[in-house]
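The values are calculated or read from the model by the stated rules, or taken from the named source; none is laboratory data. Source: prediction; values computed, not measured. Every residue, glycine among them, receives a Cβ derived from its backbone with ideal geometry; neighbour counts consider all protein chains shown. These accessible areas exclude ligands, DNA and RNA; they are computed on the full protein's heavy atoms, side chains included. Shrake-Rupley method; radii C 1.70, N 1.55, O 1.52, S 1.80 Å.
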Amino acid sequence: MSSHKADLNESVIIHPPGFYIIGFLNFPNISVYIIFLGGVYVVSVVFNISLMCIIAFDQRLHSPKFLAVANLAVIDVILNTSTIPGMIKTFLLKDNFVPFNLCLAQMFFHYFALSMESCALAILAYDRLIAICFPLRQCVFNTLPIMFGIVCVFWGYHLGLLAYSTIIMTRLSFCNSVRVFSYFCDYAPVFRLACNDYTLQWKMASLSILILIGPLTFILLSYLSILVTVFRMKSVGSRMKALTTCIEHLILVAVFYIPIMSIYFLGLFIKSIDPDQRVLSLSLASCLPPCINPIVYSLKTKEIRNRALALVGKNPNP
């Protein structure tokens, strides 16, 4: 820690009017990328809200699995809304300034949704685990009230965790640069601008990897158990039917985890990775899954696909 940080009077907290987001201003063909993000945002909002409405208004879809799917759809809308409109505003209005309180709000909603995304995928893995490995115990371990309780526990925990993580940012003083090298008010790039001790904020940021690794570990262990159960089935048809019900979830897990984990590990082992490329890759890794998720569930889940076709009058058996 530099000496000027150590010498700063900790009782004096200096908050700037706001921050300047500079992470993607120098990208080549930025206008093409912004148009692409606009399309991604429209698709993600329209498809996710449509998915929520289909599940809400169809009594046949009021089951633990589709409650978990609706939970993921809500999180997807929050995740993309936390960043994409701000990026579009910056490009269209040529205004990359974000007021201090709005910066903290953006930080809170983005990381809340990102952490909940991994938990939502773990909840869906739990649903598949009970359905395939303990089919006779579903009425005990995976009822609608139980699934609702699981979802509420995760929401409560992450709301509290991210509220604390965001509130402690107000303890920092910013007396030098207010230029944030990211595509939004990113947690670590902001606290690194502080001119007093940010050890506590660094520790909270370090927990983010556990928030990703924990649910991923549960997902991998769940599918290991599912594979053991499936290969014990005598009928090939039963095996295929069981595995088919997992396809859409496995696609979602791959779409979310592979890009994010790849970027983190590349940054860890390849120190010379271009900062602009890292910002671009991270923005794509966080913005694309909320767009892809509802499309995958709409196409790969028979119940949702049939209901969607019925709404547009193309299904003779709604």
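What to note about this one:
- Scope region 31-84; condition among the aromatic types (Phe, Trp, Tyr), open to solvent by 50 Å² or more (accessible area, probe 1.4 Å) and touching a residue at least 40 places away in the same chain (Cβ under 8 Å); matching residues: Tyr41, Phe47
- The single condition from (1) surrounded by fewer than 13 Cβ atoms within 10 Å (Cβ to Cβ); (2) at pLDDT below 90 that Leu212 fails is (1).
- Residue that is modelled with the lowest pLDDT [pool: residues in region 1-30 that are open to solvent by 20 Å² or more (accessible area, probe 1.4 Å) and in contact with a Phe, Trp or Tyr (Cβ under 7 Å, 6 or more places away or on another chain)]: Phe27
- Residue that is of a type in the set (S, T, N, Q) and open to solvent by 30 Å² or more (accessible area, probe 1.4 Å), where the choices are Thr170, Thr166: Thr170
- For region 268-313, a residue qualifies if it is open to solvent by less than 70 Å² (accessible area, probe 1.4 Å), hydrophobic (A, V, I, L, M, F, W, C) and modelled with pLDDT under 80, and the qualifying residues are Ile273, Ala308, Leu309, Ala310.
- Residue identified as open to solvent by 50 Å² or more (accessible area, probe 1.4 Å), more than 24 Å from the chain's Cα centre (by Cα), more than 24 Å from Ile22 (Cα to Cα) and of a type in the set (Val, Ile, Thr) among Thr229, Thr199: Thr199
- Any hit, region 112-129, residues being under 22 Å from the mean Cα position of the chain (by Cα), without any contact (Cβ under 8 Å) to a residue 40 or more places away in the chain and open to solvent by 40 Å² or more (accessible area, probe 1.4 Å): no
- Listed conditions (1) of a type in the set (A, V, I, L, M, F, W, C); (2) at pLDDT 95 or above; (3) in contact with a helix residue (DSSP H, G or I) (Cβ under 8 Å, 6 or more places away or on another chain) are all met by Leu102, apart from (3).
- The condition of being among the hydrophobic types (A, V, I, L, M, F, W, C), touching a residue at least 24 places away in the same chain (Cβ under 8 Å) and either open to solvent by 20 Å² or more (accessible area, probe 1.4 Å) or within 18 Å of Leu102 (Cβ to Cβ) (or both) holds for only one of Phe134, Phe141, Phe148, that being Phe148.
- Among (1) under 29 Å from Val98 (Cα atoms); (2) open to solvent by 40 Å² or more (accessible area, probe 1.4 Å); (3) over 17 Å from the mean Cα position of the chain (by Cα); (4) not aliphatic (A, V, I, L, M), the one test that Phe265 misses: (1)
- Looking across region 232-242 at every residue that is open to solvent by less than 60 Å² (accessible area, probe 1.4 Å) and of a type in the set (A, V, I, L, M, F, W, C), the one that is farthest from Ile292 (Cα to Cα) is identified as Met233.
- Here Asn71 clears all of (1) closer than 29 Å to Phe191 by Cα; (2) at pLDDT 95 or above except the condition numbered (1).
- Region 226-238 residues that are aromatic (Phe, Trp, Tyr), paired with ones that are part of a helix (DSSP H, G or I) (beta carbon under 9 Å, 6 or more apart): Phe231/Arg239
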